[in-house]
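Heads up, the thing below is written out as C-alpha cells.
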Amino acid sequence: MGGDGTRQAFDALFSAYVVVTTAALLVIGLALTLAVLRGRRRGSRPGSDPSRLELAYVGVLVLAATALIAVSLVTERNVDARSATPDVRVAAVASQWRWSFTVSEAGRQAAPAADLVVPQGATVAITLRSTDVIHSMWVPEVRFKRYAFPDRTNRFDLEFPDTGSFEGLCAQFCGLEHDTMRFTVHVLDRRGFDAWLAEHGS
Amino acid sequence: MTVAVLPGRGVIGWAVAADHKSVAARVAAAAGIFMVLGGAVSLVMRAELAHSGMQVTFRDTYNELFTPHGTTMVYLVMVPLALALGAYLVPLQIGAAELVAPRVNLFASWLLVLGGLSIYGGFMTAHGAARNGWTEFLPLSGESFSPGPGTDMWVIGVALADAAAILLAATILLTILTRRAPGMTMLRLPVFTWTVLVTCLLTLFGFPALEAALGLIEAQRHFGADIDPVAYLHLFWFFGHPAVYVMFFPFLGAVAEVVQVFSGARLVGYRALVLALLGFATGSMTVWAHHMFTTGQVLNEYFAITSTSLLIFAGVEYFDLTATLWRGVVRFSVPMLFALAFLAQFAIGGLTGVIVASPVLDYHLNDSYFVVGHFHYTLFAGSMFALFAGVYYWFPKVTGRFLSERLGRAHFWLLVVGTNVTFFPMFALGYLGMTRRVADYPERASLDWLNAVSSAGAAITGLAMLVFFWNLAVSLAAGRAAGDDPWGGHTLEWATSSPPPRHNFDRLPPIRSFAPLLDLREQRR
Amino acid sequence: MRREGLVISAWGAILVLHSLVLFVWQGPGWSPLLLLTAGLASVTAGLVAAWRGRTPRLVMAPDLSPPAALLAVGVAVAAGAFVAGTWLAWLGGGIALVAAAGVVRETLAMRREARR
C-alpha cells in the first residue's frame with residue numbers, strides 16, 4: 001500500500017480539517033460577537049467563577065487535538081509507506097534550473113527526460129536528489145512534494161490515478177529561474193506506457 | 001532608588017541616551033522606518049504579481065525584493081517592536097525606575113540600526129543585495145551560488161540584529177525578575193508583562209541558534225567548508241519558530257490589556273492564562289521541524305503532535321479574553337476595534353496553522369501561497385493589528401497626546417479590508433498549486449484573478465498605512481492632550497504622568513493584584 | 001531574587017524532557033540535541049537567577065553613554081571584516097577597545113558616585 005493515493009489521502013484529510021477549523025472559527029466568531037454585544041444591553045456584573053467551564057473547555061480542546069493528531073498520524077503512515085515491490089522506478093534529479101527523470105520498469109530503462117512519463121494506477125518508486133542546491137519536487141495533482149538535497153537521496157512512492165498531463169514544479173527557492181523550473185507529468189494508460197517505454201527504452 | 005547622572009540633550013544626546021524610554025523610542029523609530037521600506041518593497045512585489053507575465057520588475061530584481069521584505073519585517077520590524085514595547089512598558093508596569101543594565105540596551109539599540117544598514121547596504125554593491133529569502137538556505141547562500149558581498153552584508157546585518165534582540169531580552173527578563181516594586185509578586189504581574197517574560201525566554205534560548213546558522217553560511221563562504229544543508233535547516237528553524245512567537249506574544253499582551261481596560265473588567269482566568277503562556281512558550285521551542293516536514297529528514301510524527309497541541313494553549317487564551325469581554329461593557333474606541341479584529345483574524349491564521357501542522361496536508365501546502373496566507377494572517381492581520389491596538393492605547397502615555405480617533409477609524413477599516421482582501425485569496429492560490437518566492441506564474445484564469453484581487457488588497461493596505469503615518473505625524477505635532485490616565489487603566493503605568501518622568505514614579509499606589517488601579521477605583525466606590 | 005528564577009528552570013526542564021522523549025523515539029540527532037542544549041541552558045540560567053542575592057538598594061543609571069554607542073559601531077565595523085577584509089577587524093577592534101575603555105571609566109565613576 002506504499003504511497004497509496006496521496007491525492008485521496010490529502011483530499012479526505014483536508015476536508016475533515018476544513019470542516020473542523022471552519023466550525024471552530026464560527027464558534028470563536030459567535031462567542032466574540034455575543035461577548036461584545038452582551039454588555040451593551042446590560043450593565044456589568046461580577047460573573048460566577050468560570051474555572052469549571054474553562055476546565056471542561058480545555059478537555060474539549062485536548063480531545064480535538066488528540067483526534068486531529070490521530071487521523072494525521074495514521075494518514076501519514078499510509079502515505080509515507082514504501083512498497084517493497086514497486087511497479088515502476090524513477091530516478092529524479094533536480095538541478096538549477098531543470099529536471100531530469102529516468103524511468104525504468106522490469107529491466108527496461110528509458111533515456112533521461114525533462115518530463116516524467118508514468119503508467120496510470122501503478123506504484124511509482126521515486127528516488128530524488130539534486131546536483132547543486134536544495135530544490136523541491138511538487139506535483140499538485142497528487143498533492144505531494146519532497147525536498148531534493150545535493151548530499152542525500154529522498155525515496156517515496158507515488159500513484160497517479162488518472163491519465164492526462166499534469167504540472168510539476170520546483171517548490172523550494174533555488175535561484176534566478178526558480179519560477180520557470182517546471183516539468184510535466186504524462187500519465188499514460190498501460191498500453192500507452194508500454195509503447196512509450198518500448199520506443200524510448202533500452 | 002535610582003540616581004540619574006548626567007543632564008544634556010540635543011541630537012547627540014538623543015543618540016546616546018541610555019534610559020529605557022529613549023532606547024525603546026529609538027528602536028521603535030528605527031523599526032518604523034524599516035517598516036516603510038519593507039512595506040514599500042511588498043507593494044512593488046504585489047504590483048508585479050497582479051498579472052501573469054513580467055510587467056514591473058526583472059526576475060533578479062524581484063528576488064532582491066522579497067528577500068528584504070521578509071528580512072526587514074522579521075529582523076528589523078516585528079522582533080524589535082516586540083522588544084521595544086517591553087523595554088518601554090515593563091519598568092512602568094512593575095513599578096521600576098529603569099531597566100537592568102541601561103548601557104547594554106543602548107548598545108543593543110545601535111547594533112540593530114547598524115545591522116539594518118548593513119542589510120540594505122547590500123543594494124549598493126556590484127552583485128546586488130542578498131536574494132535568497134529571509135531564510136538564505138545553504139547551499140544556495142554559499143559562495144559559488146551567491147557570489148558578491150551582498151549576502152555577506154546580509155549575514156552580518158542579521159547577526160547584529162539578532163544579537164541586539166538577545167541582549168534586550170536578557171536585560172528585560174532580569175528586570176522583571178529583580179526590579180519589581182514591593183508587593184508585586186510574580187502572580188501580580190500584569191498580563192502584558194507576562195507575555196514579555198515568555199518572549200524574553202524564547203529570544204534568549206532560541207535566537208542563539210540563528211547566530212550558529214549564520215556562522216555556517218560564513219564558514220562556507222569564507223573557508224569553503226562543506227556544510228550539511230540539513231544542519232543549517234535545523235539551526236535556522238530552531239531559531240525561526242520561536243521567532244514567530246516573539247513576534248506574537250507581546251502584541252497578544254497588548255490586546256489583553258486593551259480588552260480589560262476597554263471593557264472595564266478584570267481579566268478572567270489570570271492564572272490559567274499565565275500557565276497557558278508558559279506552556280505555549282515551551283511548546284514554541286518544540287515545534288520547529290514542522291518547517292521541515294517535506295524534507296524527509298525529521299521525525300514528522302513528533303513535530304505534528306507538538307505543533308497541533310499548541311491549539312490547546314491558544315484556546316485557553318481565547319477563552320479568557322472572550323470571557324473578559326463577556327464580563328464587561330465594551331467601549332468601541334480604536335484600541336478595542338484593533339483588539340477585536342486581532343482576535344477574529346488571528347483565529348484564521350492560527351487555524352490554518354493547525355491545518356499545515358498535519359504532515360500529509362503540509363506535503364501539498366508547504367512552500368505554497370497557502371503558507372504565505374497563513375503567516376500573513378498570524379503576523380499582519382494578527383500581530384500587527386494587536387500592535388496597533390497597543391499603539392493607540394499607549395500613545396497617550398508615551399507622548400502625552402491622543403492619536404486622532406477619526407483617522408484611527410479610517411486606518412482601522414481600510415486595514416481590515418486591505419489585509420483580508422490581500423491575504424485570503426492566497427489560501428486558494430496555494431491549494432491550486434502556486435508556489436511562493438516566484439516572480440511570475442503560468443497564465444491561467446484562476447491564478448490570474450486571485451492574484452489581481454490580492455494585489456488590489458495590497459493597494460488598500462498601503463493606503464491604510466499611509467493614513468496611520470499621517471495620523472502619527474499630525475498627532476505628534478498637535479494631538480489632543482492626554483492626562484495621566486485617559487482610558488481608566490488598570491496597571492501601574494497609568495499612575496504616573498504622560499509622558500512619565502525620567503525615574504518613572506514619584507509615588508506608587510498599593511499593589512495587591514495584577515490590576516492595582518482598578519482595585520483602587522473599586523475601593524473608592 | 002529567589003524563587004522566580006525557578007520558573008525559568010522549570011520551563012527549561014520541560015525542554016530537557018522533550019529532548020529525552022525524542023532521543024528515545026528517534027535516537028541521537030539534531031532535534032534532541034538542540035532541545036537539550038536550550039533546556040540545559042535555561043535550567044542553568046534559572047538556577048543562577050534563583051541563587052544570586054538581592055539587588056542593591058541603590059542603583060546607578062547613566063543618562064547618556066557615548067562609549068556604549070561607540071562600542072556598537074566598533075563591533076559592527078569589525079564584523080565588516082567578512083566583507084571587506086581583515087583590516088576592518090583591526091579598525092573595528094580598535095574602536096571597540098577605545099569604547100570599552102570609556103565604558104569602564106563610566107562604571108568606575110558611577111561606583112564612586114554611589115559610594116558618596
Seminar exercise, completed: Each label sits 7 Å from Cα toward the beta-carbon; between B:Phe469 and B:Ser497 the label points are separated, in nm, by 3.3 nm
Exercise. How much accessible area per residue does segment B:84-224 have, in Å², with a 1.4 Å probe?
Worked result: 24 Å²
Problem set entry | Peptide A:140-149 - average C-beta neighbours from other chains (10 Å radius) | 6
For this session: Would you tell me the mean number of C-beta atoms belonging to other protein chains that fall within 10 Å of each C-beta in B:136-145, as a whole number?
Result: 4
Exercise. Semi-axes of the equivalent ellipsoid of segment B:227-362: what are they in whole Å, largest first, if each equals the square root of 5 times a C-alpha gyration tensor eigenvalue?
Worked result: 33, 13, 13
For this session: Can you bin segment C:74-116 into rounded, prolate or oblate? Criterion: square roots of the alpha carbon gyration tensor eigenvalues sorted a ≥ b ≥ c, rounded for a/c under 1.5, prolate for a/b above b/c, oblate for the rest.
Result: prolate
For this session: Using only protein heavy atoms and a 1.4 angstrom probe, determine the accessible area buried between A and B, summed over both sides, in Å² to the nearest 100.
Result: 6100 Å²
Seminar exercise, completed: Cα convex hull volume per residue for segment A:1-145, in Å³, equals 171 Å³
For this session: For segment B:403-476 and segment B:86-155, write down the distance between their C-alpha centroids in whole Å.
Result: 26 Å
Problem set entry | Approximate spin-label separation B:Arg271-B:Arg406, in nm, with each point projected 7 Å along Cα-to-Cβ | 4.9 nm
Exercise. Can you give the charge dipole size of the protein assembly as shown about its Cα centre, rounded to the nearest 20 debye, using +1 on the beta carbon of Lys and Arg and -1 on the beta carbon of Asp and Glu?
Worked result: 3880 debye
Exercise. Under a 1.4 angstrom probe, counting protein chains only, how are B:Trp237, B:Trp14 ranked by accessible area, largest first?
Worked result: B:Trp14, B:Trp237
For this session: Please name which of A:Leu32, A:Phe156, A:Phe101 has its Cα lying farthest along the dipole of chain A towards the positive end, using unit charges on Cβ (Lys, Arg +1; Asp, Glu -1) and the Cα centre as origin.
Result: A:Leu32
Exercise. Nearest-5 percent of antiparallel DSSP beta bridges in the protein assembly as shown?
Worked result: 70 percent
Exercise. Going highest first, how would you order B:71-80, B:98-107 by mean Cβ packing within 10 Å?
Worked result: B:71-80, B:98-107
For this session: Please report, to two decimal places, log10 I(q)/I(0) for the protein assembly as shown at q = 0.06, 0.08, 0.10 Å⁻¹ as given by the Debye formula with identical point scatterers on the Cα atoms and no solvent.
Result: -0.39, -0.70, -1.10
Seminar exercise, completed: Partner shielding of B:100-106, taken as the mean number of other chain Cβ atoms within 10 Å, equals 6
For this session: Compute the acute angle (0 to 90°) between the alpha-carbon long axis of helix C:30-51 and the principal axis of greatest extent of the alpha-carbon atoms of chain C; round to the nearest 10°.
Result: 60 degrees
Exercise. Which value in Å is the Kirkwood Rh of segment A:75-197 over different Cα pairs?
Worked result: 14.5 Å
Seminar exercise, completed: Share of accessible surface on carbon and sulfur in segment A:152-202, whole %, 1.4 Å probe and ligands ignored, is 47 percent
For this session: Report the percentage of all Cα-Cα pairs in segment C:1-47 whose separation exceeds 18 Å, rounded to a whole percent.
Result: 30 percent
Problem set entry | Per residue convex hull volume, Cα atoms of chain B, in Å³ | 142 Å³
Exercise. Any idea how far apart B:Ser144 and C:Trp51 come out in nm if each label point goes 7 Å out from Cα toward Cβ?
Worked result: 4.9 nm
Exercise. Using alpha carbons only, what's the Rg to Rh ratio of chain C with Rh from Kirkwood?
Worked result: 1.18
For this session: Could you order B:Asp362, A:Asp162, B:Asp448 by accessible surface area, starting with the largest, using a probe radius of 1.4 Å?
Result: A:Asp162, B:Asp448, B:Asp362
For this session: Report, in order of residue number, the helices in chain B meeting two criteria: a C-alpha extent of 24 Å or more along the helix axis, and a mean Kyte-Doolittle hydropathy of at least 0.0; treat each whole DSSP H run as one helix.
Result: B:20-49, B:102-121, B:149-178, B:229-246, B:300-327, B:334-356, B:405-431, B:445-478
Exercise. Quick one: buried accessible area between C and B, total over both chains, 1.4 angstrom probe, nearest 100 Å²?
Worked result: 4600 Å²
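The values are calculated or read from the model by the stated rules, or taken from the named source; none is laboratory data. Since the structure is predicted, the reported quantities are computational estimates derived from the model, not experimental observations. Note that we place each Cβ from the backbone using ideal geometry, even for glycine, and neighbour counts take in every protein chain shown. The area values use the complete protein model at the heavy-atom level, side chains included, leaving out ligands, DNA and RNA. Shrake-Rupley method; radii C 1.70, N 1.55, O 1.52, S 1.80 Å.
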